[in-house]
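Structure first, commentary second.
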Amino acid sequence: MFDYLIVGAGFAGSVLAERLATRSNKKVLIVDKRSHIAGNAYDHYNEEGILVHKYGPHIFHTNSKDVFEYLSNFTDWRPYEHRVLASVDGQLVPMPINLDTINKLYGLSLNSFEVEQFLESLAEQVPVIKTSEDVVVSKVGRELYEKFFRNYTRKQWGMDPSELDKSVTSRVPTRTNRDDRYFTDTYQAMPLHGYTRMFERMLDHPNIKVMLNTDYHDIVDFIPFKEMIFTGPVDEYFDFKYGKLPYRSLEFKHETLNQENYLAAPVVNYPNDNLYTRITEFKALTGQKHPKTSIVYEYPKAEGDPYYPVPRLENAELYNKYKKLADETPNVHFVGRLATYKYYNMDQVVAQALTLYKKLTEKPEEAQKVVKPTIIGSASIMEKLVPRDPAKE
Ligand code: FAD
Ligand code: UDP
């Protein structure tokens, strides 16, 4: 009998598995339909021996000391501050827009004070900032919005920024100084030996069993457990009862080039050209030395694995209907980017999972009831249930 069945071995599921197993002595079964742990943060050494992120670049950054200290139990870190260039008007310029972006783009030599005035002169008055277009035009005006944001967003989301919640483009600031870091969080670092190694250490506990290549539907009626933690798409859990929640997908095109370096920055964004949004060069993120280099192109698409919840009012309303169902479902806890339909970064998912752990363990033990049939499973299923061996994955 497991205390918890955890669906999904990404950040949300793995943090909860680790806490419940090591701190509360709970017996945990964590399943993932993919062939690996770590969810979208999964990284691996490719055929050339270069560490790559299968599902696109994952850069860790947080302002939360608690989250950083928690993850530090499972990894050492490589200090890393992310930088991005955007290809605009035939030039590569810093993104987020800063003093150097403006000077380079317009052939000017403004100082910080002057660039502030320059942007103020371009900014449009927007009485109430609601959309992702409003955010940008109210800060830098329409021309820069069109050069850097409009087409990138259309490509990435398949809709105009005016149709997306303000939170989307608000992720990218505008600066009047020369700071060209993509993030300004207190803690910015990459797991020294990669994300997957960090997850392996989180899940390496006798109370945790991992089943890969397993959709939870296939085992849920056969394996006894008391409570479920669900980190997959919330609409799927409820059989799309109210219709599909839109998730934006991506196609990743990985390439290894027979040269030591390729890009002028770890990531180059292409707002206006090409079908892809950005190219990432992994060695710049990981610090790995290698005579070849591996890159990934991201091609946005509507169908496919769900990667991004789409922040807009009608989707939030639909999600709220599912949330109501989720709240009314006893002994099933929904957590993570897909299950709570939130455009969360990794650190936010870790924080959300740690909060849920606290909530679960504050609950009196007696309240935890068996909710699923306790059929002692068929031999074939029980055979699959072996402690994981990272060496074989
Ligand atoms: P996931 O990692 O998606 O894990 C959910 C797991 O559930 C998946 O492995 C899935 O296979 C499994 N699952 C779903 N349904 C079932 C089922 N029926 N049965 C069994 N298993 C199931 N964040 C950052 O902080 N920095 C970044 O630079 C960054 N870059 C990103 C780049 C891209 C392209 C993407 C898509 C995301 C990025 N993120 C980044 C966000 C980050 O990936 C997420 O915040 C984090 O991975 C979410 O963790 P999770 O556990 O909620 O979900
Ligand atoms: N964005 C843009 N141009 C850029 C970078 C970002 O228009 O050069 C917009 C776009 O809508 C994107 C959002 O800002 O989806 C958030 O960007 P971020 O880099 O945080 O996206 P993520 O890394 O989550 O894909």
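The values are calculated or read from the model by the stated rules, or taken from the named source; none is laboratory data. The structure displayed is predicted, hence computed values, not measured ones. Please note: Cβ atoms are built from the backbone with ideal geometry, for glycine as well, and neighbour counts cover all protein chains shown. Ligands, DNA and RNA are stripped out before the accessible areas are found, and what is left, the full protein with its side chains, is counted by its heavy atoms. Shrake-Rupley method; radii C 1.70, N 1.55, O 1.52, S 1.80 Å.
General observations
- Beta bridges from DSSP with both residues in the chain: antiparallel share about 65 percent, rounded to the nearest 5.
- Contact order normalised by residue count of the stretch 115-211, Cα under 8 Å, 6+ apart, percent: 24
- Three-way shape label, the chain, alpha-carbon gyration tensor, a/c 1.5: prolate
- For the stretch 197-204, putting each phi into the Karplus relation 6.51 cos²θ - 1.76 cosθ + 1.60 with θ = phi - 60° gives couplings of 4, 4, 5, 4, 6, 5, 8, 7 Hz, in residue order, rounded to whole numbers and with x for Gly and Pro.
- Lysine pair count for the stretch 178-331 [Cα-Cα under 15 Å; pairs on different chains or 8 or more apart]: 7
- Shape of the stretch 165-243, Cα gyration tensor, a/c cut at 1.5: oblate
- Of the accessible area of the stretch 1-81, computed with a 1.4 Å probe over protein heavy atoms only, carbon and sulfur atoms account for 43 percent.
- Expected 222 nm ellipticity per residue - DSSP helices of 4 or more, -39500 (n - 2.57), all of the chain, to 500: -8500 deg cm²/dmol
- Over the stretch 1-69, relative contact order from alpha-carbon pairs under 8 Å, at least 6 apart, %: 26
- Surface composition of the stretch 122-244: carbon and sulfur make up 45 percent of the accessible area, probe 1.4 Å.
- Distance histogram for the stretch 199-351 (every C-alpha pair counted, 5 angstrom bins, percent rounded to whole numbers): 2, 7, 12, 15, 15, 15, 13, 10, 7, 3, 1, 0
- The HN-Hα couplings worked out from phi for the stretch 272-282 by the Karplus form 6.51 cos²θ - 1.76 cosθ + 1.60 (θ = phi - 60°) are 10, 10, 6, 8, 8, 8, 8, 10, 10, 10, 5 Hz, whole numbers, x standing for Gly and Pro.
- Heavy-atom accessible area order for 44, 254, 61, largest first, 1.4 Å probe: 254, 44, 61
- Looking at the chain, the accessible area is 46 square angstrom per residue; that uses a 1.4 Å probe and ignores ligands, DNA and RNA.
- Annotation for the stretch 31-111: chymotrypsin sites (Phe, Trp or Tyr not before Pro) lying in DSSP loop with at most 14 further Cβ atoms inside 10 Å of their Cβ do not exist.
- Between the amide H of residue 248 and those of 307, 308, 310, distances stay under 5 Å, these residues lying 5 or more places away or on another chain, with hydrogens modeled in the peptide plane.
- In the stretch 1-40, the C-alpha radius of gyration followed by the widest Cα-Cα span (Dmax) gives 9.8, 29 angstrom.
- Per-q log10 I(q)/I(0), the stretch 101-185, q = 0.11, 0.19, 0.24, 0.25 Å⁻¹ (Debye; single scatterer per alpha-carbon; no solvent): -0.31, -0.89, -1.26, -1.31
- Distance from the stretch 27-71 to the stretch 328-364 (C-alpha centre basis), Å: 18
- In the stretch 42-196, lysine pairs closer than 23 Å at Cα, eight or more apart or cross-chain: 13
- Amide H to amide H distances under 5 Å link residue 331 with no residue, where only residues 5 or more positions off or on other chains count and H is placed in the peptide plane.
- Listed values for the stretch 261-266 are Karplus-derived 3J(HN,Hα) couplings in whole Hz (6.51 cos²θ - 1.76 cosθ + 1.60, θ = phi - 60°), namely 9, 10, 8, 7, 8, x, and x replaces Gly and Pro.
- The 1.4 Å probe gives accessible areas that order 174, 184, largest first, as 184, 174.
- For the stretch 246-329, the gyration tensor built on C-alpha atoms gives a prolate shape. Its axis ratio a/c (a ≥ b ≥ c) is at least 1.5, and a/b is the larger of a/b and b/c.
- Computed over the chain: relative contact order in percent, which uses C-alpha pairs under 8 Å that are six or more apart: 25
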